[in-house]
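First comes the structure, then the notes that go with it.
Just so you know, all these numbers are worked out from the coordinates, no wet-lab data involved. Values in this document were obtained by computation on a predicted structure and should not be read as measured data. Note that we place each Cβ from the backbone using ideal geometry, even for glycine, and neighbour counts take in every protein chain shown.
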Amino acid sequence: MTISTSVWLTVGATVLAAVLAAGVGELVALGVRRLGRTHEILATLAQRGRRPLAGLLGTLAATVALHVGTAPADWREPTLTVLGLLAVAFGAGLAVVAANVVQDVLLLRYRIDVADNRRQRQRRTQVQLVKRVVVALIVVVAAAAMLLTIPGARGVGTSVLASAGLLSVVAGLAAQTSLSNVFAGLQIAFTDGIRVDDVVVVEEEWGNIEDITLTYVVVRLWDQRRLILPSTYFTTTPFANWTRNSSDIIGTVDFETDWTTPVEELRSHAEGFVRDHPLWNGQTFALQVTDAKNSVLSFRVLVSANSGGELFDLRCAVREELVGVLRRDHPGALPRVRVETPAPVVSLPHQGSRV
């Protein structure tokens, strides 16, 4: 048997071992998927992790086959190095899939489609940010492992990691904006300053927190625009959080009328309308005259709702109803400007004049 024939047999055995191991991975994924008929999480794990698992098992099988069935040769070490890199890559991919599945499991426990979801939004924010940190660590560790796997780069990587100059490099990078945003993102997640779906007012814009990453925060504005702000904005700049302590919030409706407005009648009508409105949460209502000067009365209506979006719609409905009532039943109470014209001056005839 010639050397070339032996090499080809070894390659064939290695490929066969890899294919068989990948097939085992597919069978494992199929079994987990069968179990996932009653557990959605298992089905998701099988679907996402099928290819990384098959690749990892196939790579490990090929590595074992080469170690067992080949003698030292020029092509053996480079091949093992490539297989080692692939094994690290597939293992990192499988770890990322596991992190995503764990996130999905935890997010199912903290649903935000309930009336008071403040605690759920806090937990979801923390879970999402922790998952991003874990994925980042997996990528960094995998990159370091791949670097140390390459014989030519192993010495360079070891010397850099062991050098005292690395600390100064890390400290210098930490002062940069990118890492400052990362640290700010972690601070946001665990200090409970803002949470996903919080109602905030930033840059004179009203909206909901749509996403919180390690470096930036996405605010979905009321008109469906997205305002993207760095994480450091929320740790250095004052902003309004309407749902910091609870989901229900209070809003105002301000308007002005003439002094002839029947206040008690208007208050009774507004209270009946608000109590019957489906967006009112039954907690806060008030109609007060907040000012009376010049030719108008200033009114303020306080109403409450379960969320910022519902409060906005409720305020608009109350405003439209009061305007309609004034125009329909009390047109004289609409704001007006009174102008007083002076009385005409009558000139009396002088004494002695002839009439």
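Among the residues making up the range 282-297, those that are of a type outside the set (Val, Ile, Thr) and more than 40 Å from the chain's Cα centre (by Cα) are ASP291, ALA292, LYS293, ASN294, SER295, LEU297.
Checking the range 317-338 against the condition returns a match, with at least one residue being under 31 Å from the mean Cα position of the chain (by Cα) and farther than 20 Å from GLU264 by Cβ.
Do we find a residue being on the phi < 0 side of the Ramachandran plot, more than 12 Å from the chain's Cα centre (by Cα) and assigned to a loop (DSSP other than H, G, I, E, B) anywhere in the range 187-196? Within the range 187-196, one or more residues are on the phi < 0 side of the Ramachandran plot, more than 12 Å from the chain's Cα centre (by Cα) and assigned to a loop (DSSP other than H, G, I, E, B).
Scanning the range 242-280 for residues that are in contact with a Ser or Thr (Cβ under 9 Å, 6 or more places away or on another chain), within 18 Å of GLU321 (Cβ to Cβ) and among the polar types (S, T, N, Q) turns up just one, THR257. What do you reckon, is SER298 small (Gly, Ala, Ser) and not in a helix (DSSP H, G or I)? Here the answer is yes, as SER298 does meet what is asked.
Within this structure, LEU214 passes the test of being under 13 Å from the mean Cα position of the chain (by Cα) and part of a loop (DSSP other than H, G, I, E, B).
Taken together, LEU287, LEU266 contain a single residue that is more than 27 Å from LYS131 (Cβ to Cβ) and in a helix (DSSP H, G or I), which is LEU266. Residues of the range 243-263 that are under 43 Å from the mean Cα position of the chain (by Cα) and part of a loop (DSSP other than H, G, I, E, B): THR243, ARG244, ASN245, SER246, SER247, ASP248.
Residues being crowded, with 18+ Cβ neighbours inside 10 Å, touching a residue at least 24 places away in the same chain (Cβ under 8 Å) and more than 30 Å from ARG327 (Cα to Cα) are represented in the range 288-307 by at least one member.
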